[in-house]
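> Here it is, the structure in full.
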Amino acid sequence: MLPYETLREIELFILKEARLLDEGQFEAWLDLYAPQGIYWMPSKPGQTDPLNVASIIYEDHAILAIRVQRLLEARALVLTPMPRTVHIVSNIEVLKGDATSTNFEVGAAFLCTELQGERQRIYAGRQIHHIAREDDSFRIRRKHVALMNCDGVHAPMTIPI
Amino acid sequence: MSNGNEAQTIDTPLGAEDIRALIRPDHVHRRAYADPQVFAMEQERIFGKLWIYVAHESQLKQPGDFIRTRLSKYEVLVTRHNDGQIYVLHNRCPHRGARLCMTEGGTSRTFSCPYHAWVFRPDGSLSSVPHPKSYPASFDIKDPQNHMQRVKNVQSYRGFVFANLSDNPPPLIEHLGPMTDVIDNLVDRAPDGEVEIADSSFSLEYSGNWKLHLENAADIFHPTFVHSSSVLPARKAPENASILDQDQTRAMLLANGFGFKEWEGIQLSGLDRGHTYMTNFYDQGVLANQKQNQDPVSVRYRAMLTEKLGKERADSILGMNRFNNIIYPNLIINAQYQQMRVTIPLSVDRTLVRVHCFRLKGAPDEIFHRAVRFLSNIGSPASMIFSDDVEMLERCQRGLATETGPWIDFSRGLDNDQTGTDGSVSGAASEMPMRVQFKAWLKHMTAEAA
C-alpha cells in the first residue's frame, strides 16, 4: 500500500507538469523529463508499437527541446496568436509502485482546452506517466498520451498536452 | 421586395466564359478559391472527370477486403470481389438510400443494409432481400438498379488504384503520362518489387480551398519564410542528440533552411496535364540519398537492392531525387521517402489531406521505421513543419473570401520559363508550377461535354 504522502507527492508532480504547460513555461516543463525521457502520443487506440505505426508525437528529450525552442521563439506562424491552454488532470491512480519503489506508473484522465484567437478546441484522453524518483522530486521517463480521438481528423496541434 | 430573381441569378450555372474570365496568364481571380459555384463545377469537371486515386492494392489483399474513401462529392467503397477484381461502389443502399458502410475499412464478404436487410456482394450486386415473396413480380434481384451503384472505370497502375466517373475516359496511363516514373521509382525501390501501404496514416483538415495545398506543395519559395520557426531551433540543436532517430528529425527540419544561393540546383518541372515536380530538393537525413548514405542500414538496404537488380540499375533507382511529385489533381508522391499525400476537397473552403507512407517489401525493417518517422514528422497534426503550412493556407482562404482586390499574382518567373516537348521547366523561384496547374484547371473546367 502506498503511503498517502507518497501518493500526494506523485499527484502534485503530475499536476505541476500540467501547470507548467498552461503557464507557457516550456523549458521548465522539459526539465521534468529525464535526459532519455520520451513523450509519446500514438495515432491509434491501443497502439503498442512506435516504430511500425506512426505516432502523433514520439520524441525524446533532444527532439522535444527543438519543439520547445520553436514554442519559445514564437516565430511559428501557427503560434500567432500564442494559444492558451488549461489542462485539467484528474482520476489520478498509481498503477505500479509501492512504499519501497523509486519508479512509479501513474495513470490519469485529462481534459485540455486550448484557445487560439477566436478558436477554442478541447482535447480529452488518458495519460500514463512513468516517473522515477530523483533527489526530492521525480523525472519523467515516459509520458504516454492516449487522445480519445487520436485516429480522427485533426487540425494542427501546437502545445503539448 | 424580392421577386425571386436574385435567387435565380445565384443558381445560374457558370459557363465557360465565366470560368475563362477568372484566369489570366499571370493572375487568378479570387473566385477560383472562394466561390461555391466554382467548387461545384470542379467536383463535376475535375474530380468527376479525371482519374482519381482511391486506394492501394495492398489494402485489398483478399476477397472481401474494402476501404471507404471519397471520389468527387461521393462516398465510395473500394472492394475486392470474390473473383479478385477491384470495384468502386457508391456507399449507398439502392433501396432507401441509407449509407451502408460506417467503417473506414476491413474485411466483409457482404455489405448489408441495417434498415431492411438488403445484402450485397463485394461487387455491389444484390445477393438477397428478406421476405422475397412480398416483392412484386416486376422486382428483379439481378436488375442493376437494385445493386450498389458502381463507378464504371477502375484501373490500376503498379498497385495504385484510380477511379474515373466519366463515361469514356482516356486510359489511366495516358493521364499519368511521364508521372508513371515516380510510381515506378517508388515500387522499384523495394527489393521484392512491391510496396505495401502502412496501416497507419494521418487525416488533417484545414479551412481552405484544395488548390492552396496543391500550390503549396509545388512552391519552393515559401520554406525559407514559413518554416524558419523549425529551421532555426534545429540549427541550434546539437547533432545526433536524439536516442530515437539517428538525427532524422533534425535533418528534416534543417532541409527547409536554404538560402537563395542553394536554389541554383533546384529545377521545377510542369507537364501538360497539370502534373508538376521539383528536382534536387529536400535530400538530407538518413532516409534520403540512399545511393550514397554510409549508415549501416542504408548500406544493407543498398546491397539487397543491388543483389536483385545489379549495381547500375540499383544506383539509377536510388539516385532519382525528385520531390513533391504532384499527379493532377490531387495525388502527391515522394518516392525517395516512400510518402504519399491525397488532397480531398470537402467544400470550397474545407479540405482533407490524407498522409500515408509505404513499406518497401524486402527492405530492412529500419527503412520502414524511417518512413514512418518521416510520416510523423511531416504529416502528423503536431508536425513542426506542416502546421505552419496549414496556417498559411488558412490565412490565404480568409483573405480570398473577401471581395478586396480580386486578382492574385502568379507572375514570378514568367519571363524565364522554358517550354519543351514534355512541358515547362524553370528555376526554383518561378511560379510556373501553379501556372501549369491552372492551365490544366482551365482546360477541364471549360471542356465541352463529351
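> Look through segment B:359-370, keep the residues that are in contact (Cβ under 8 Å) with a residue 24 or more places away in the chain and at the interface with another protein chain (Cβ under 9 Å from one of its Cβ atoms), and return whichever of them is farthest from residue B:200 (Cα to Cα). Give the derivation first.
Looking only at segment B:359-370, we keep the residues that are in contact (Cβ under 8 Å) with a residue 24 or more places away in the chain, and these are B:359-364, B:366-368, B:370.
Those left that are additionally at the interface with another protein chain (Cβ under 9 Å from one of its Cβ atoms): B:359, B:366, B:368.
Details: B:359: 11, B:366: 16, B:368: 12 Å.
Out of the qualifying residues, it is B:366.
> Continuing with this model, one more query. How many residues does segment B:238-252 contain that are of a type in the set (A, V, I, L, M, F, W, C) and either facing chain A (nearest Cβ under 7 Å) or without any contact (Cβ under 8 Å) to a residue 24 or more places away in the chain (or both)? Break it down stepwise before answering.
Filtering segment B:238-252 down to residues of a type in the set (A, V, I, L, M, F, W, C) leaves B:241, B:243-244, B:251-252.
If we keep only those that are either facing chain A (nearest Cβ under 7 Å) or without any contact (Cβ under 8 Å) to a residue 24 or more places away in the chain (or both) as well, we get B:241, B:243-244.
Counting residues in segment B:238-252 that are of a type in the set (A, V, I, L, M, F, W, C) and either facing chain A (nearest Cβ under 7 Å) or without any contact (Cβ under 8 Å) to a residue 24 or more places away in the chain (or both) gives 3.
Conditions (1) within 17 Å of the chain's Cα centre (by Cα); (2) buried (at least 21 other Cβ atoms within 10 Å of the Cβ); (3) more than 14 Å from chain A (Cβ to nearest Cβ), marked per residue:
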residue	(1), (2), (3)
B:158	yes, no, yes
B:162	yes, yes, yes
B:167	no, no, yes
B:183	yes, yes, yes
B:190	no, yes, yes
B:213	yes, yes, no
B:230	no, yes, no
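> For residue A:152, state whether it is within 14 Å of chain B (Cβ to nearest Cβ), modelled with pLDDT of 95 or more and loosely packed, with under 13 Cβ neighbours inside 10 Å. Talk me through it step by step, then tell me what you get.
On the way: within 14 Å of chain B (Cβ to nearest Cβ): yes; modelled with pLDDT of 95 or more: yes; loosely packed, with under 13 Cβ neighbours inside 10 Å: yes.
The answer is yes for residue A:152.
> Among the residues of segment A:102-128, write down those that are of a type outside the set (Val, Ile, Thr) and under 13 Å from residue A:161 (Cβ atoms). Let's see the steps before the verdict.
Of segment A:102-128, the ones of a type outside the set (Val, Ile, Thr) are A:103-105, A:107-112, A:114-121, A:123-127.
Result: A:108, A:109, A:110, A:111, A:112, A:114, A:121, A:123, A:124, A:125, A:126, A:127.
> Could I ask something else about it? In segment A:29-57, how many are of a type in the set (Val, Ile, Thr), in contact (Cβ under 8 Å) with a residue 40 or more places away in the chain and more than 7 Å from chain B (Cβ to nearest Cβ)? Step through it out loud before you land on a result.
The first filter runs over segment A:29-57 and keeps only residues of a type in the set (Val, Ile, Thr), leaving A:38, A:48, A:53, A:56-57.
Adding the requirement that they be in contact (Cβ under 8 Å) with a residue 40 or more places away in the chain leaves A:38, A:56-57.
Imposing the further condition that a residue be more than 7 Å from chain B (Cβ to nearest Cβ) reduces the set to A:38.
Residues meeting the conditions: 1.
> With the checklist (1) among the aliphatic types (A, V, I, L, M); (2) within 12 Å of chain B (Cβ to nearest Cβ); (3) touching a residue at least 60 places away in the same chain (Cβ under 8 Å); (4) within 29 Å of residue B:389 (Cα to Cα) in hand, flag the one item residue A:77 doesn't pass.
All conditions are met except number (3).
> When the residues of segment A:97-126 are filtered to those that are within 16 Å of residue A:4 (Cα to Cα) and among the hydroxyl-bearing types (Ser, Thr, Tyr), which remaining residue is farthest from the chain's Cα centre (by Cα)?
Per the stated criteria, the residue is A:100.
> Collect the residues in segment A:5-53 that are farther than 21 Å from residue B:368 by Cα, among the polar types (S, T, N, Q) and either crowded, with 18+ Cβ neighbours inside 10 Å or over 14 Å from the mean Cα position of the chain (by Cα) (or both), keeping them in residue-number order.
Correct list: A:6, A:36.
The values are calculated or read from the model by the stated rules, or taken from the named source; none is laboratory data. Note that the structure is a prediction, hence the values are computed from the model and not measured. Heads up, the Cβs are rebuilt from the backbone with ideal geometry, glycines too, and the neighbour counts pull from every protein chain shown.
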